[in-house]
Amino acid sequence: MSTDIGDTIAMRLTAITYAAEHVHLFDFRPVSGGSVPGFAAGAHVDLRLPNGFVRQYSIAICSA
């Protein structure tokens, strides 16, 4: 499944892992359930905050 630029997926923060000094891993899951659309290396996500700010983060798959 691909997602066009501009599509929005409601996500819920489910975990934060403190990986190293100044490095945090955030685990987000779709609110509606299911899986996150596929992505390629170098992809990023725009996190839209209630105050109107947009922060960009790299996407990674981490296995436990």
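Report, by residue number, each residue of the range 9-34 that is exposed (fewer than 10 other Cβ atoms within 10 Å of the Cβ) and in contact (Cβ under 8 Å) with a residue 24 or more places away in the chain.
none
Looking at the range 24-56 only, could you name the residues that are touching an Asp or Glu at 6+ places or on another chain (Cβ under 9 Å) and modelled with pLDDT under 85? Explain how you work it out, then say what you get.
Residues of the range 24-56 that are touching an Asp or Glu at 6+ places or on another chain (Cβ under 9 Å), as a first pass: 37, 54-56.
Correct list: Pro37 only.
The values are calculated or read from the model by the stated rules, or taken from the named source; none is laboratory data. Just so it is clear, the structure is predicted and the values come from calculations on it, not from any experiment. Cβ: placed from backbone, ideal geometry, glycine included. Neighbour counts: every protein chain shown.
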